1. Residues of the stretch 121-164 being open to solvent by less than 70 Å² (accessible area, probe 1.4 Å), part of a loop (DSSP other than H, G, I, E, B) and in contact with a Ser or Thr (Cβ under 9 Å, 6 or more places away or on another chain), which ones?
2. Mind checking which residues of the stretch 98-107 are at pLDDT below 95 and either part of a helix (DSSP H, G or I) or out of contact with any helix residue (DSSP H, G or I) (no Cβ under 8 Å at 6 or more places or on another chain) (or both)?
3. Give the residues of the stretch 9-63 that are in contact with a Gly (Cβ under 6 Å, 6 or more places away or on another chain) and aromatic (F, W, Y), sorted by residue number.
4. From S52, S79, S18, S67, grab the single residue that is modelled with pLDDT under 95 and in a loop (DSSP other than H, G, I, E, B).
5. Which condition from (1) among the β-branched types (V, I, T); (2) touching a Phe, Trp or Tyr at 6+ places or on another chain (Cβ under 7 Å); (3) modelled with pLDDT of 95 or more is the one that V114 breaks?
6. G95 versus (1) in contact with a strand residue (DSSP E or B) (Cβ under 7 Å, 6 or more places away or on another chain); (2) surrounded by 11 or more Cβ atoms within 10 Å (Cβ to Cβ); (3) in a loop (DSSP other than H, G, I, E, B): which is the lone unmet condition?
Amino acid sequence: LQSLLGTALFYNWGLPLSSIVTKEFYLIPSDYATTNEDSQETGFMVLGKDKSGNETRTFVNPSIYASIEDGSQDTEDESKKKYLYYVDQKSFKEGDVIISQKDQSRYVVSDVGVLEGVYCINQGYAVFRRIEILDQNEEYAILKQGTAYGVALYDHIALDGSKIKENQLVVK
């Protein structure tokens, strides 16, 4: 088991490339995000139907792993920039309809994006954490510090990400 886990001291010496995995996420434009008035959490309003066939709206608060600037927009004004949110696929089904609280426009969940990351094993089970690679060679990658939903110094990571599944229980 020792060969499966390592402590993330990679800010100084590098992360083994064998640790790196990819994961798919749904891409949702930031225009469709809303804030829950009670909890102040960012999420999305998903349209549905009740047993009588009436339209319902359910607030869904998924884990947002990344917020990447939408390259299709051509604006210098920071307040008008749009982003694509990379959200956990477990929170939605393909075809779910999200409604904008601002203008009532609708977005059908279908677009998928991929992020690189590692499996963090701090609590005894594998949790995907996003990484951004600054540089790499044949064996190691140097990571950007402070990545949202990323890893931190002294995190326990799977040294061979291909042998771990998300939420797998790993006894240290």
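1. Correct list: I131, E132, A148, D155, L159, D160.
2. Q101, D103, Q104
3. The answer is F25, F59.
4. S52
5. The failed condition is (2).
6. Condition not satisfied by G95: (2).
Residue by residue, here is whether (1) at negative phi; (2) under 14 Å from the mean Cα position of the chain (by Cα) holds:
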{"site": "I98", "(1), (2)": "yes, no"}
{"site": "V108", "(1), (2)": "yes, no"}
{"site": "V112", "(1), (2)": "yes, yes"}
{"site": "F128", "(1), (2)": "yes, yes"}
{"site": "I133", "(1), (2)": "yes, no"}
{"site": "N137", "(1), (2)": "yes, no"}
{"site": "A141", "(1), (2)": "yes, no"}
{"site": "Y154", "(1), (2)": "no, no"}
{"site": "Q168", "(1), (2)": "yes, no"}
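The values are calculated or read from the model by the stated rules, or taken from the named source; none is laboratory data. No experiment lies behind these values; they were computed from the predicted model shown. A quick note on method: Cβ atoms are made from the backbone with ideal geometry, for glycine too, and the neighbour counts reach across all protein chains shown. In case anyone asks, the SASA skips ligands and DNA or RNA and just uses the protein heavy atoms, side chains included. Shrake-Rupley method; radii C 1.70, N 1.55, O 1.52, S 1.80 Å.
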